[in-house]
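> This structure is in structure tokens; I'll ask about it shortly.
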Amino acid sequence: MTRIVDTAEWQELAHHYEQLRDTHLRDLFAAQPDRGESMCLEAGDLYLDYSKNRLTADTIRLLVALARRAGVEQLRDAMFAGEKINITEHRAVLHVALRAPRGEQITVDGQDVVPQVHEVLDRMGDFARRVRSGAWTGHTGQRIRNVINIGIGGSDLGPRMAYEALRDFSDRSMTFRFVSNVDGTDFWEATRNLDPAETLFIVASKTFTTLETMTNARTARQWTLAALGDDAAIAKHFVAVSTNEAEVAKFGIDTVNMFEFWDWVGGRYSYDSAIGLSLMLAIGPDGFAEMLAGFHRMDQHFRTAPIEQNLPMILGLIGVWYNNFFGAETVAILPYNQYLARLTDYLQQLDMESDGKSVTRDGEPVAWQTGPIIWGQPGTNGQHAYYQLIHQGTKLIPCDFIGFCQPRHQVGDHHNVLMANLFAQPQALAFGKTAEEVRAEGVPDFQVPHRTFAGNHPTNTILVPELSPDTLGQLIALYEHKVFTQGAIWNINSFDQWGVELGKKLALDIVPELDATTDPALDHDSSTNALIRRYRRLRG
Ligand code: F6P
């Protein structure tokens, strides 16, 4: 198979890059008066303005040709058809089935999976209604007021992010907390002021073998039993979300209280499966269904829109343009919405675990850059921390700005101030300020170079009417499919994560070596041996 970098499409882009690399956004805007209106796309409720990127209509044409050559559409169709495109694990990749409406058909190994999805959603809905109404009580008959999700990675970041994002839609009389870190502090802080008789734990783990989650789950069981003193309490205070029924039973959770999902749902693509149970308890089954509808709307767009108008594909292609031709190493994702405080954390796993690969789907080393480093936090806070480097540093950092037209709460004129900042930053990044403009302001000569902004820093702006379960679903699906598009172009498997296995395995080997009652013979490298010895000595 021809390597993507050896195709005529890639070579044409490389040539085009040489012609365009020094062109300033100021000139691109001057040459095309309607650029701001023409370089934009809409899908569902999302509006993407990509005009402040260092590209022309020709660039888009060439990128679209690259996507066609890489077979992005074919891989997408294979995913929707339930083919086993996760080749290293021989699994289908069907998070899109999690939000398929009742009656739609998506088959894996000849079996339609949509009815199973809805069966679990119905069970989740029934459970959520009982907990929220008080019909489901704890062991002592007290109402459940606290829900703690125990999970890590995809079994934590998604529900945690979405709970934060949608907390304004949640039942405020209930407390929701998330324990992920095996640092005991996480569990201790999450439970310190809660009454076990009113607390429900959701143990969320696809495999139900993850060291951190199982350690936290065992501690939660002890914490519950220490207060309630009866094994029968476990059935009222613990539910599991997993693909692994045998391990759930082994842990001691009745599988009647287990909500299932399937091996064709990747951990980082799973928060709209039963992994989102904590979120459903918070916002209710109707809110959850609304979110799934939002996801589905973007899925439909991704599945049917031509590449030129396909919002996730265009976003992915623009990312490829910077990653592979401009040599940008990172992407900043900057939501101007405090409720999206955890969006970037979530997108880090989605993108970096998916596309952080260095061999092709056929196992050959890649000779091109793959997934970027994703980082950022909500605006406007970052403006007073790291935007300096984006504006005047030496690195090229493409940014996605995400804003909402309606605030969740009318608090004075805060929202206009927030949004003014969202509009101003991409403007400043694109156009900068020339030395002449600075001088004309009467700035002393010695300060002029310091106060000059080169500009030409690329940004996307995504504008959404308002934050809701529906638009959150659309936004997350947008990024899922963007990551998909990029993985398809780079010819990597975006759906496995072997890279996290080695560290997990080594940690398991080291755990017994830290036990103070033993005197283990350490046979790691000299650095690891010395660190373990020092730790043992200082731990006492
Ligand atoms: O960090 C690796 C990983 O396998 C992630 O892909 C996954 O989301 C996380 O661990 C948690 O896994 P599990 O849900 O099986 O506990």
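The values are calculated or read from the model by the stated rules, or taken from the named source; none is laboratory data. Note that the coordinates shown come from a computational prediction; the quantities given were computed from them, not determined experimentally. Heads up, the Cβs are rebuilt from the backbone with ideal geometry, glycines too, and the neighbour counts pull from every protein chain shown. Surface accessibility is based on the protein's heavy atoms, side chains included, excluding ligands, DNA and RNA. Shrake-Rupley method; radii C 1.70, N 1.55, O 1.52, S 1.80 Å.
> Name the residues in the range 487-517 that are under 24 Å from residue 78 (Cβ atoms) and surrounded by 17 or more Cβ atoms within 10 Å (Cβ to Cβ), would you?
Listed by number, the residues that qualify are 487, 488, 489, 490, 491, 492, 493, 494, 495, 496, 497.
> Yes or no: the range 421-441 includes at least one residue that is basic (Lys, Arg) and over 27 Å from residue 323 (Cα atoms). Give the derivation first.
Taking the range 421-441 first, the residues basic (Lys, Arg) are 433, 439.
In the following step, the residues that additionally are over 27 Å from residue 323 (Cα atoms) were identified as 439.
Yes: one or more hits.
> In the range 246-271, which residue that is charged (D, E, K, R) and within 14 Å of the ligand (Cβ to nearest atom) is farthest from residue 176 (Cα to Cα)? Give the derivation first.
Pass one, the range 246-271, residues charged (D, E, K, R): 247, 250, 254, 260, 263, 268.
Narrowing further to those that are within 14 Å of the ligand (Cβ to nearest atom): 247, 260, 263, 268.
Values: 247: 25, 260: 21, 263: 27, 268: 21 Å.
Only one residue fits best here, namely 263.
> Is it true that some residue in the range 338-347 is open to solvent by 30 Å² or more (accessible area, probe 1.4 Å), polar (S, T, N, Q) and within 18 Å of residue 40 (Cα to Cα)?
Step one: list which residues in the range 338-347 are open to solvent by 30 Å² or more (accessible area, probe 1.4 Å), which gives 338-339, 341-342, 345.
Those still in the list that are polar (S, T, N, Q) too: 338.
Within this subset, residues satisfying the condition of being within 18 Å of residue 40 (Cα to Cα) are none.
For the range 338-347, residues open to solvent by 30 Å² or more (accessible area, probe 1.4 Å), polar (S, T, N, Q) and within 18 Å of residue 40 (Cα to Cα): absent.
> Going through the range 96-126 one residue at a time, which ones are surrounded by 15 or more Cβ atoms within 10 Å (Cβ to Cβ), of a type in the set (Gly, Ala, Ser) and not in a helix (DSSP H, G or I)?
The one that is surrounded by 15 or more Cβ atoms within 10 Å (Cβ to Cβ), of a type in the set (Gly, Ala, Ser) and not in a helix (DSSP H, G or I): 100.
> In this structure, does residue 173 turn out to be crowded, with 20+ Cβ neighbours inside 10 Å and without any contact (Cβ under 8 Å) to a residue 40 or more places away in the chain?
Details: crowded, with 20+ Cβ neighbours inside 10 Å: no; without any contact (Cβ under 8 Å) to a residue 40 or more places away in the chain: yes.
So residue 173 fails the test.
> Taking the conditions exactly as written (more than 15 Å from residue 97 (Cα to Cα) and open to solvent by 10 Å² or more (accessible area, probe 1.4 Å)), does residue 260 satisfy them or not? Break it down stepwise before answering.
Values: more than 15 Å from residue 97 (Cα to Cα): no; open to solvent by 10 Å² or more (accessible area, probe 1.4 Å): yes.
No, not satisfied.
> Suppose we filter 371, 403, 356, 376 for residues that are in contact with a Cys (Cβ under 9 Å, 6 or more places away or on another chain) and either over 20 Å from residue 49 (Cα atoms) or crowded, with 16+ Cβ neighbours inside 10 Å (or both); which single one remains?
Criteria check complete, one pass: 376.
> Taking the condition of being more than 16 Å from the ligand (Cβ to nearest atom) and free of Cβ contacts under 8 Å to residues at least 60 places away in the same chain, how many residues in the range 205-234 meet it? Write out each step before concluding.
In the first step, residues of the range 205-234 are kept if they are more than 16 Å from the ligand (Cβ to nearest atom); the result is 221-234.
Of the ones still in play, those that are also free of Cβ contacts under 8 Å to residues at least 60 places away in the same chain are 221-227, 229, 231, 234.
Residues in the range 205-234 being more than 16 Å from the ligand (Cβ to nearest atom) and free of Cβ contacts under 8 Å to residues at least 60 places away in the same chain: 10 in total.
> Next question, about the same structure. From the set of residues in the range 292-310 that are open to solvent by 10 Å² or more (accessible area, probe 1.4 Å) and among the hydrophobic types (A, V, I, L, M, F, W, C), which is nearest to the chain's Cα centre (by Cα)?
Going through the range 292-310, the residues open to solvent by 10 Å² or more (accessible area, probe 1.4 Å) turn out to be 292-293, 296-297, 300-301, 303-306, 308-309.
Imposing the further condition that a residue be among the hydrophobic types (A, V, I, L, M, F, W, C) reduces the set to 292-293, 305.
Details: 292: 16, 293: 18, 305: 23 Å.
Top of the filtered list is 292.
> Among the candidates 129, 160, which residue alone is in contact (Cβ under 8 Å) with a residue 24 or more places away in the chain, within 16 Å of the ligand (Cβ to nearest atom) and not in a loop (DSSP other than H, G, I, E, B)?
Details: 129 fails: within 16 Å of the ligand (Cβ to nearest atom).
Just one listed residue meets the conditions, 160.
> So, in the range 132-143, exactly how many residues are out of contact with any Lys or Arg (no Cβ under 6 Å at 6 or more places or on another chain) and without any contact (Cβ under 8 Å) to a residue 12 or more places away in the chain?
Final tally of qualifying residues: 3.
> For the range 25-33, does any single residue satisfy the condition of being surrounded by 12 or more Cβ atoms within 10 Å (Cβ to Cβ) and of a type in the set (Asp, Glu)? Write out each step before concluding.
At the first step, the residues of the range 25-33 found to be surrounded by 12 or more Cβ atoms within 10 Å (Cβ to Cβ) are 25-26, 28-29, 32.
Retained after the next criterion (residues that are of a type in the set (Asp, Glu)): none.
Looking through the range 25-33, none of the residues is surrounded by 12 or more Cβ atoms within 10 Å (Cβ to Cβ) and of a type in the set (Asp, Glu).
> Looking only at the range 518-537, which residues are surrounded by 10 or more Cβ atoms within 10 Å (Cβ to Cβ) and not β-branched (Val, Ile, Thr)?
520, 522, 524, 529, 530, 531, 533, 534, 535, 536, listed by residue number.
> Sticking with this structure for a sec: Of the numbered conditions (1) under 18 Å from the mean Cα position of the chain (by Cα); (2) at pLDDT below 95, residue 540 fails exactly one; give the number of that condition.
The one condition residue 540 does not meet is (1).
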